[in-house]
Amino acid sequence: MTQMNVESFNLDHTKVKAPYIRLVGVTEGDKGDKIYKYDIRVKQPNQEHMDMPALHSLEHLMAENSRNHHDRIIDIGPMGCQTGFYLAVLNDDSYENILQVVENTLKDVLEAKEVPACNEVQCGFAASHSLEGAQELARELLNKRDEWTEVF
Ligand SMILES: [Zn+2]
């Protein structure tokens, strides 16, 4: 395969085994600050995907709750292929810590009574949400917690 600019375009998606959490890369700024980007893969590529309302609600829930467990989360955003999320975090080189943050965040999702900010003022597609769907995804991920470190 030709080398691509985007790291994940160089990843053989037929070889990975979801679910997993993988460090994609580290970007260092001029002052030495470092952004760590992770691939949180929920579904097996090209075999399964998350339904949009469930994915969307899980995004809202993780975006809001993860910041209670880490004060340097930059972003959590869904992949367009609907099989996972990207997580970016500043100046934390501990993979184990990130695993713990994700675990704690998903436990929050299971206990949530509503999806944060799922209204037309705070969200761009407020009609497309599913708390139950997000909780099912969180449960699936937590049930396979011991597999997260195995990418291939
Ligand atoms: Zn939204």
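The values are calculated or read from the model by the stated rules, or taken from the named source; none is laboratory data. Bear in mind the structure is a predicted one, so any value in this text is a computation, not a measurement. Every residue, glycine among them, receives a Cβ derived from its backbone with ideal geometry; neighbour counts consider all protein chains shown. All accessible areas refer to the heavy atoms of the entire protein, side chains included, with ligands and DNA or RNA removed. Shrake-Rupley method; radii C 1.70, N 1.55, O 1.52, S 1.80 Å.
Return the calculated 222 nm mean residue ellipticity for the chain, to the nearest 500 deg cm²/dmol, obtained by summing -39500 (n - 2.57) across DSSP H runs with n ≥ 4 and dividing by the residue count. That calculation yields -9500 deg cm²/dmol at 222 nm. Using a probe radius of 1.4 angstrom, the carbon and sulfur fraction of the accessible surface of the range 30-152 is 44%.
For the chain, the residue among PRO116, SER66, VAL16 whose Cα projects farthest onto the positive side of the dipole built from Cβ charges is VAL16.
Each 5 Å bin from 0 upward holds the following percent of the Cα-Cα pairs of the chain: 2, 9, 18, 22, 21, 14, 9, 4, 1, 0. The charge dipole of the chain, taken about the Cα centre with unit charges on the Cβ atoms of Lys, Arg (+1) and Asp, Glu (-1), comes to about 220 debye, rounded to the nearest 20. If the chain linking ARG139 and PHE9 were pulled fully straight, counting 0.36 nm for each residue of separation and taking away their Cα-Cα distance, it would gain 43.9 nm. Within the shell defined by Cβ-Cβ distances under 12 Å, the residues around THR105 carry a net charge of -3, with Lys and Arg each +1 and Asp and Glu each -1. Structural size metrics of the range 19-77, computed from C-alpha coordinates, are Rg and Dmax of 13.8, 42 Å. Pairs over the 22 Å Cα-Cα cut-off, from the set LYS15/LYS107; LYS107/LYS144; LYS43/LYS113: LYS15/LYS107; LYS43/LYS113. For SER128, neighbours were defined as the other residues whose beta-carbon sits under 13 Å from its Cβ, and their charges (Lys and Arg +1, Asp and Glu -1) total -3.
Based on C-alpha pairs under 8 angstrom that are at least 6 apart in sequence, the range 7-147 has a relative contact order of 27 percent.
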